[in-house]
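J.: I have a structure here, written as C-alpha coordinates, and I will follow up with some questions on it.
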Amino acid sequence: MRRNKAFVLGQPVGHSRSPMLHGYWLKKEGIDGSYERREVAPVDLDAFFAHFRDSGWVGGNVTVPHKTAVIPYLDRIDADAEAMGAVNTVYWEGDKLIGGNSDAIGFLGNIDELVPGWDRNAKRAVILGAGGATRAAAYGLLSRGLEVAICNRTLDKAKALAKHFGQGATAHPWDDYRALIADCDVLVNCTSLGMLNQPPLDVDLSNLKPGAVVYDVIYVPLETEFLKAAKARGHKTVDGLGMLLHQGVKGFSRWFEKTPEVTPELRQLLVDDIRAKTPGA
Ligand code: ATR
(Lines give C-alpha, C1' and ligand atoms only; values in the text may rest on other atoms or scores of the structure.)
Protein backbone atom coordinates (compact mmCIF):
# COMPACT_ATOMS: atom_id res chain seq x y z
CA MET A 1 0.00 0.00 0.00
CA ARG A 2 1.31 3.45 -0.89
CA ARG A 3 1.76 5.67 2.11
CA ASN A 4 1.80 9.43 1.62
CA LYS A 5 -0.26 11.07 4.34
CA ALA A 6 0.62 12.13 7.85
CA PHE A 7 -1.61 13.12 10.75
CA VAL A 8 -1.81 15.17 13.87
CA LEU A 9 -3.71 13.10 16.39
CA GLY A 10 -5.20 14.72 19.48
CA GLN A 11 -8.22 16.27 21.08
CA PRO A 12 -8.70 19.07 20.30
CA VAL A 13 -6.59 19.56 17.15
CA GLY A 14 -8.56 22.36 15.51
CA HIS A 15 -6.09 24.96 16.82
CA SER A 16 -2.98 23.00 15.76
CA ARG A 17 -0.62 24.88 13.46
CA SER A 18 1.17 21.69 12.42
CA PRO A 19 -0.98 21.31 9.25
CA MET A 20 0.17 24.78 8.15
CA LEU A 21 3.79 23.93 8.91
CA HIS A 22 3.87 20.56 7.16
CA GLY A 23 1.63 21.79 4.35
CA TYR A 24 4.20 24.49 3.64
CA TRP A 25 7.03 21.97 3.50
CA LEU A 26 5.09 19.50 1.35
CA LYS A 27 4.44 22.24 -1.18
CA LYS A 28 7.98 23.60 -1.00
CA GLU A 29 9.52 20.15 -1.51
CA GLY A 30 7.01 19.29 -4.25
CA ILE A 31 5.88 16.14 -2.45
CA ASP A 32 2.63 14.46 -3.37
CA GLY A 33 1.42 13.97 0.19
CA SER A 34 -0.81 15.41 2.84
CA TYR A 35 -0.90 16.26 6.53
CA GLU A 36 -4.30 15.92 8.14
CA ARG A 37 -5.98 16.67 11.44
CA ARG A 38 -7.46 13.71 13.27
CA GLU A 39 -9.50 14.67 16.28
CA VAL A 40 -9.85 11.44 18.24
CA ALA A 41 -11.27 10.98 21.73
CA PRO A 42 -9.40 8.65 24.12
CA VAL A 43 -12.13 6.00 23.79
CA ASP A 44 -11.66 6.00 20.01
CA LEU A 45 -7.89 5.41 19.98
CA ASP A 46 -8.42 1.66 19.50
CA ALA A 47 -10.42 2.32 16.35
CA PHE A 48 -7.83 4.80 15.03
CA PHE A 49 -5.06 2.21 15.28
CA ALA A 50 -7.19 -0.82 14.32
CA HIS A 51 -6.35 -0.74 10.60
CA PHE A 52 -3.30 1.45 10.84
CA ARG A 53 -1.03 -0.68 8.69
CA ASP A 54 -3.38 -0.45 5.71
CA SER A 55 -4.37 3.14 6.20
CA GLY A 56 -1.80 4.93 4.06
CA TRP A 57 -0.29 6.83 6.98
CA VAL A 58 3.44 7.53 6.82
CA GLY A 59 3.11 8.42 10.49
CA GLY A 60 2.20 11.59 12.28
CA ASN A 61 2.28 13.78 15.32
CA VAL A 62 0.64 12.99 18.60
CA THR A 63 -0.56 15.68 20.93
CA VAL A 64 -2.60 16.11 24.10
CA PRO A 65 -4.15 13.92 25.53
CA HIS A 66 -2.59 10.96 23.70
CA LYS A 67 1.16 11.45 24.19
CA THR A 68 1.48 8.41 26.46
CA ALA A 69 -1.78 6.66 25.57
CA VAL A 70 -0.49 5.77 22.08
CA ILE A 71 2.45 3.78 23.41
CA PRO A 72 0.61 0.40 23.65
CA TYR A 73 -0.30 0.66 19.95
CA LEU A 74 3.33 0.98 18.82
CA ASP A 75 5.95 -1.72 18.31
CA ARG A 76 8.41 0.25 20.39
CA ILE A 77 9.41 3.74 21.46
CA ASP A 78 12.85 5.19 20.71
CA ALA A 79 15.41 6.56 23.17
CA ASP A 80 14.11 10.15 22.99
CA ALA A 81 10.51 9.13 23.72
CA GLU A 82 11.76 6.89 26.51
CA ALA A 83 13.73 9.74 28.06
CA MET A 84 10.84 12.19 27.86
CA GLY A 85 8.24 9.59 28.83
CA ALA A 86 5.99 10.69 25.97
CA VAL A 87 5.56 10.34 22.21
CA ASN A 88 5.02 13.28 19.86
CA THR A 89 5.94 11.60 16.56
CA VAL A 90 4.99 8.22 15.12
CA TYR A 91 7.00 6.79 12.23
CA TRP A 92 7.78 3.56 10.43
CA GLU A 93 11.07 1.72 10.65
CA GLY A 94 10.63 -1.05 8.10
CA ASP A 95 7.38 -2.70 9.14
CA LYS A 96 7.67 -1.58 12.76
CA LEU A 97 5.73 1.38 14.09
CA ILE A 98 7.93 3.52 16.32
CA GLY A 99 7.16 6.33 18.76
CA GLY A 100 9.66 9.17 18.98
CA ASN A 101 9.78 12.58 20.56
CA SER A 102 11.26 15.60 18.81
CA ASP A 103 10.26 18.21 21.41
CA ALA A 104 13.75 18.46 22.94
CA ILE A 105 15.28 18.80 19.46
CA GLY A 106 12.74 21.56 18.81
CA PHE A 107 13.57 23.23 22.11
CA LEU A 108 17.29 23.23 21.32
CA GLY A 109 16.97 24.02 17.60
CA ASN A 110 15.03 27.15 18.48
CA ILE A 111 17.52 28.56 21.02
CA ASP A 112 20.47 27.51 18.81
CA GLU A 113 18.95 29.52 15.96
CA LEU A 114 17.98 32.61 17.95
CA VAL A 115 20.94 32.80 20.35
CA PRO A 116 23.87 31.08 18.61
CA GLY A 117 26.57 29.99 21.07
CA TRP A 118 24.24 30.31 24.08
CA ASP A 119 25.56 27.08 25.58
CA ARG A 120 29.28 27.79 25.23
CA ASN A 121 29.74 28.69 28.89
CA ALA A 122 26.27 27.90 30.20
CA LYS A 123 26.27 25.81 33.36
CA ARG A 124 22.89 26.16 35.03
CA ALA A 125 19.27 26.47 33.96
CA VAL A 126 16.12 27.16 35.93
CA ILE A 127 12.83 25.77 34.62
CA LEU A 128 9.52 27.06 35.92
CA GLY A 129 6.85 24.35 35.83
CA ALA A 130 6.89 20.57 35.84
CA GLY A 131 4.48 19.47 33.10
CA GLY A 132 4.96 18.05 29.62
CA ALA A 133 6.98 20.98 28.29
CA THR A 134 9.43 20.67 31.17
CA ARG A 135 10.29 17.13 30.09
CA ALA A 136 11.45 18.40 26.70
CA ALA A 137 13.29 21.44 28.06
CA ALA A 138 15.01 19.50 30.84
CA TYR A 139 16.06 16.65 28.55
CA GLY A 140 17.43 19.12 26.00
CA LEU A 141 19.31 21.23 28.55
CA LEU A 142 20.74 18.18 30.34
CA SER A 143 21.93 16.79 26.99
CA ARG A 144 23.99 20.00 26.57
CA GLY A 145 25.59 19.47 29.96
CA LEU A 146 23.66 22.07 31.99
CA GLU A 147 22.41 21.50 35.50
CA VAL A 148 18.67 21.94 35.62
CA ALA A 149 16.71 23.25 38.61
CA ILE A 150 12.97 22.63 38.31
CA CYS A 151 10.71 24.97 40.35
CA ASN A 152 7.06 24.09 40.55
CA ARG A 153 3.98 25.09 42.52
CA THR A 154 3.35 21.39 43.18
CA LEU A 155 6.71 20.30 44.53
CA ASP A 156 5.99 16.58 44.18
CA LYS A 157 5.71 16.92 40.40
CA ALA A 158 9.09 18.63 40.25
CA LYS A 159 10.54 15.90 42.45
CA ALA A 160 9.14 13.16 40.22
CA LEU A 161 10.73 14.77 37.15
CA ALA A 162 14.08 15.34 38.88
CA LYS A 163 14.06 11.69 39.91
CA HIS A 164 13.19 10.61 36.37
CA PHE A 165 16.10 12.56 34.88
CA GLY A 166 18.55 11.74 37.68
CA GLN A 167 21.96 13.37 37.76
CA GLY A 168 21.97 17.08 37.02
CA ALA A 169 18.29 17.66 37.74
CA THR A 170 16.98 19.03 41.04
CA ALA A 171 13.51 19.93 42.34
CA HIS A 172 12.59 23.09 44.24
CA PRO A 173 9.55 24.80 45.68
CA TRP A 174 8.25 27.62 43.47
CA ASP A 175 9.53 30.49 45.61
CA ASP A 176 13.11 29.26 45.37
CA TYR A 177 13.30 30.63 41.83
CA ARG A 178 14.22 34.07 43.22
CA ALA A 179 17.47 32.79 44.68
CA LEU A 180 18.20 30.27 41.91
CA ILE A 181 18.00 32.74 39.03
CA ALA A 182 20.87 34.79 40.47
CA ASP A 183 23.21 32.12 39.19
CA CYS A 184 21.50 30.70 36.09
CA ASP A 185 22.42 31.08 32.43
CA VAL A 186 19.02 30.10 31.04
CA LEU A 187 15.58 30.70 32.57
CA VAL A 188 12.67 28.86 30.95
CA ASN A 189 8.94 29.22 31.45
CA CYS A 190 7.32 25.81 31.00
CA THR A 191 4.16 26.66 32.94
CA SER A 192 0.95 27.46 31.11
CA LEU A 193 0.96 30.95 32.64
CA GLY A 194 1.09 33.74 30.09
CA MET A 195 -0.66 31.70 27.41
CA LEU A 196 -3.71 33.21 25.73
CA ASN A 197 -6.64 33.15 28.17
CA GLN A 198 -4.40 32.27 31.13
CA PRO A 199 -3.17 34.58 33.86
CA PRO A 200 0.28 36.10 33.22
CA LEU A 201 3.40 34.56 34.69
CA ASP A 202 4.21 36.98 37.45
CA VAL A 203 7.85 36.50 38.42
CA ASP A 204 10.34 38.90 39.91
CA LEU A 205 13.36 39.10 37.60
CA SER A 206 15.30 41.66 39.65
CA ASN A 207 17.73 38.98 40.82
CA LEU A 208 18.31 37.41 37.39
CA LYS A 209 21.94 36.98 36.42
CA PRO A 210 22.93 39.56 33.81
CA GLY A 211 23.46 37.82 30.48
CA ALA A 212 21.01 35.00 31.20
CA VAL A 213 18.88 33.94 28.23
CA VAL A 214 15.13 33.94 28.91
CA TYR A 215 13.01 31.40 27.06
CA ASP A 216 9.24 31.01 27.03
CA VAL A 217 7.86 27.86 25.39
CA ILE A 218 4.55 29.69 24.82
CA TYR A 219 3.93 31.11 21.34
CA VAL A 220 0.40 32.48 21.60
CA PRO A 221 0.95 35.31 22.27
CA LEU A 222 4.31 35.49 20.53
CA GLU A 223 5.73 37.82 23.12
CA THR A 224 4.47 37.07 26.59
CA GLU A 225 4.59 39.59 29.44
CA PHE A 226 7.39 37.44 30.87
CA LEU A 227 9.51 37.88 27.73
CA LYS A 228 8.67 41.59 27.56
CA ALA A 229 9.88 42.04 31.13
CA ALA A 230 13.09 40.12 30.39
CA LYS A 231 13.74 42.10 27.22
CA ALA A 232 13.20 45.37 29.07
CA ARG A 233 15.95 44.29 31.47
CA GLY A 234 18.29 43.69 28.53
CA HIS A 235 18.13 39.89 28.38
CA LYS A 236 18.16 37.93 25.15
CA THR A 237 14.78 36.25 24.72
CA VAL A 238 13.46 33.21 22.88
CA ASP A 239 9.77 32.64 22.14
CA GLY A 240 8.13 29.24 21.69
CA LEU A 241 7.25 29.42 17.99
CA GLY A 242 10.62 28.14 16.81
CA MET A 243 10.25 25.12 19.06
CA LEU A 244 7.18 24.12 17.06
CA LEU A 245 8.98 24.74 13.77
CA HIS A 246 12.14 22.87 14.71
CA GLN A 247 10.38 19.87 16.29
CA GLY A 248 8.57 19.37 12.98
CA VAL A 249 11.76 18.88 10.96
CA LYS A 250 12.47 15.44 12.38
CA GLY A 251 8.99 14.07 11.78
CA PHE A 252 8.78 15.43 8.25
CA SER A 253 12.15 13.97 7.29
CA ARG A 254 11.18 10.58 8.68
CA TRP A 255 7.82 10.51 6.90
CA PHE A 256 8.71 12.07 3.58
CA GLU A 257 12.47 11.38 3.39
CA LYS A 258 13.42 15.01 2.78
CA THR A 259 14.87 17.28 5.44
CA PRO A 260 12.92 20.53 5.32
CA GLU A 261 14.24 23.93 6.34
CA VAL A 262 13.04 26.35 8.97
CA THR A 263 13.12 29.60 7.01
CA PRO A 264 12.23 33.21 7.92
CA GLU A 265 9.40 32.92 5.37
CA LEU A 266 7.94 29.92 7.20
CA ARG A 267 8.21 31.64 10.56
CA GLN A 268 6.47 34.69 9.11
CA LEU A 269 3.64 32.54 7.74
CA LEU A 270 2.90 31.27 11.23
CA VAL A 271 3.41 34.68 12.84
CA ASP A 272 0.85 36.16 10.43
CA ASP A 273 -1.61 33.38 11.22
CA ILE A 274 -1.20 33.84 14.97
CA ARG A 275 -1.62 37.63 14.64
CA ALA A 276 -4.67 37.25 12.40
CA LYS A 277 -6.39 34.95 14.88
CA THR A 278 -5.18 36.54 18.10
CA PRO A 279 -5.67 40.29 18.39
CA GLY A 280 -2.74 41.77 20.27
CA ALA A 281 -0.48 38.76 19.78
P1 ATR B 1 2.26 21.19 29.69
O2 ATR B 1 2.06 19.76 29.34
O3 ATR B 1 1.93 22.15 28.57
O4 ATR B 1 3.61 21.48 30.28
P5 ATR B 1 0.82 20.88 32.14
O6 ATR B 1 1.28 19.50 32.24
O7 ATR B 1 -0.62 21.16 32.37
O8 ATR B 1 1.14 21.55 30.76
O9 ATR B 1 1.70 21.77 33.13
C10 ATR B 1 1.36 23.07 33.43
C11 ATR B 1 2.42 23.63 34.39
O12 ATR B 1 2.02 24.97 34.70
C13 ATR B 1 2.50 22.89 35.71
O14 ATR B 1 3.83 22.89 36.15
C15 ATR B 1 1.62 23.74 36.61
O16 ATR B 1 1.94 23.67 37.98
P17 ATR B 1 1.32 22.48 38.91
O18 ATR B 1 2.13 21.29 38.60
O19 ATR B 1 1.48 22.98 40.27
O20 ATR B 1 -0.13 22.35 38.48
C21 ATR B 1 1.96 25.10 36.10
N22 ATR B 1 0.93 26.07 36.48
C23 ATR B 1 -0.30 26.20 35.95
N24 ATR B 1 -0.98 27.19 36.57
C25 ATR B 1 -0.14 27.70 37.52
C26 ATR B 1 -0.23 28.75 38.49
N27 ATR B 1 -1.34 29.47 38.61
N28 ATR B 1 0.85 28.98 39.28
C29 ATR B 1 1.96 28.27 39.17
N30 ATR B 1 2.13 27.24 38.27
C31 ATR B 1 1.09 26.98 37.47
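The values are calculated or read from the model by the stated rules, or taken from the named source; none is laboratory data. Everything quoted here is computed from the prediction, not taken from an experiment. Every residue, glycine as well, gets a Cβ built from its backbone with ideal geometry; the counts of neighbours run over all protein chains shown.
J.: Answer yes or no as to whether VAL220 is within 30 Å of ASP183 (Cα to Cα), out of contact with any Cys (no Cβ under 6 Å at 6 or more places or on another chain) and assigned to a strand (DSSP E or B).
T.: Judged against the criteria, VAL220 is not a match.
J.: Another question about this same structure. Any idea how many residues of the range 224-263 are over 19 Å from the mean Cα position of the chain (by Cα), under 30 Å from CYS184 (Cα atoms) and not in a loop (DSSP other than H, G, I, E, B)?
T.: The total comes to 6.
J.: Turning to a different aspect of this structure: Keeping to the range 112-151, report how many residues are in a helix (DSSP H, G or I) and more than 12 Å from VAL213 (Cβ to Cβ). It would help to see each step written out before you state the result.
T.: Quick first cut of the range 112-151, residues in a helix (DSSP H, G or I) only: 112-114, 132-143.
Checking the rest, the ones that are also more than 12 Å from VAL213 (Cβ to Cβ) come to 113, 132-140, 142-143.
Residues in the range 112-151 being in a helix (DSSP H, G or I) and more than 12 Å from VAL213 (Cβ to Cβ): 12 in total.
J.: Something else now. Which condition breaks for GLN268 when tested against (1) in the same structural domain as SER18 (by TED's automatic domain parsing); (2) within 16 Å of the ligand (Cβ to nearest atom)?
T.: (2)
J.: For the range 106-149, give me the residue count where each residue is touching a Lys or Arg at 6+ places or on another chain (Cβ under 6 Å) and either within 16 Å of the ligand (Cβ to nearest atom) or assigned by TED's automatic domain parsing to the domain that holds VAL58 (or both).
T.: Here the count works out to 1.
J.: Would you confirm whether or not the range 42-55 contains a residue that is assigned by TED's automatic domain parsing to the domain that holds SER16 and buried (at least 22 other Cβ atoms within 10 Å of the Cβ)?
T.: The initial filter retains those residues of the range 42-55 that are assigned by TED's automatic domain parsing to the domain that holds SER16, namely 42-55.
Then drop every residue that is not buried (at least 22 other Cβ atoms within 10 Å of the Cβ), which leaves none.
No, that holds for no residue.
J.: Then there is this: Could you go through the range 180-193 and let me know if any residue there is in a loop (DSSP other than H, G, I, E, B), within 14 Å of the ligand (Cβ to nearest atom) and buried (at least 22 other Cβ atoms within 10 Å of the Cβ).
T.: Of the residues in the range 180-193, the ones in a loop (DSSP other than H, G, I, E, B) are 184-185, 190-193.
Of the ones still in play, those that are also within 14 Å of the ligand (Cβ to nearest atom) are 190-193.
Filter again for buried (at least 22 other Cβ atoms within 10 Å of the Cβ), leaving 190-191.
Scanning the range 180-193, I find at least one residue that is in a loop (DSSP other than H, G, I, E, B), within 14 Å of the ligand (Cβ to nearest atom) and buried (at least 22 other Cβ atoms within 10 Å of the Cβ), so the answer is yes.
J.: Something else about it: Among the residues of the range 196-213, are any surrounded by fewer than 21 Cβ atoms within 10 Å (Cβ to Cβ) and acidic (Asp, Glu)?
T.: yes
J.: Name the residue that is nearest to PHE226 (Cα to Cα), counting only residues in the range 152-179 that are within 11 Å of the ligand (Cβ to nearest atom) and in a loop (DSSP other than H, G, I, E, B).
T.: Per the stated criteria, the residue is ARG153.
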